[in-house]
1. Residue 81 - would you say it is among the small types (Gly, Ala, Ser), modelled with pLDDT of 70 or more and more than 19 Å from residue 24 (Cβ to Cβ)?
2. Which count do you get for residues in the stretch 40-67 that are within 20 Å of residue 110 (Cα to Cα) and assigned to a strand (DSSP E or B)?
Amino acid sequence: GNMRGPQDAFTEHLRNNISQLRRQFRTGSFTAEICTANTRAKTEYAICYDTALAPADVVQTLKQRLAGVQIPVLLDSTYFASFLKQDKLNLFPAAACARICEGKIVILVSGSPLAMVVPSFFAEHFECLDDYSSGAVFAGLIRLLKYLAFLLAVFGPGLYVMAVSFAPELI
């Protein structure tokens, strides 16, 4: 969890989530477009972005892709993920207001307290909200430790098995 940053969180009501974003992001270029999904329940979702920062072609492509999605039920924003990802490694982090300030697009779904941010990059999964409220040097060091921990978690077991199998005298 967050230690220094804001303790705000999304509720399950779409309009409350949008109003919370508007309170944090007070600019005339913030846009929240409410749409209805092609589901039996006609669930509402919102596409939130900054018109001054988000590329118009990306926003238009996103709207077209979401309008074409036909699923039986929409309970969370991650239901859209399989229709939006372009490769198997495209995952969606959620730090909504900060990402809107970076020119990203946020998708909120009525009844869900989670947000999906598009487009996203793998390196963004090593960031957290505390990075925005702590010093740049400290945040950079913590992020470097996260990268090292990731590499150790991915390659450590394989290196251990290799060492035990081929050179047990190293252990």
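1. Values: among the small types (Gly, Ala, Ser): yes; modelled with pLDDT of 70 or more: no; more than 19 Å from residue 24 (Cβ to Cβ): yes.
Considered against the rule, which asks whether it is among the small types (Gly, Ala, Ser), modelled with pLDDT of 70 or more and more than 19 Å from residue 24 (Cβ to Cβ), residue 81 comes out as no.
2. Of the residues in the stretch 40-67, 6 are within 20 Å of residue 110 (Cα to Cα) and assigned to a strand (DSSP E or B).
The values are calculated or read from the model by the stated rules, or taken from the named source; none is laboratory data. Predicted, not measured: the structure shown is a model, and the values here were computed from it. Ideal geometry is used to build each Cβ from the backbone, glycine not excepted, and the neighbour counts take in all protein chains shown.
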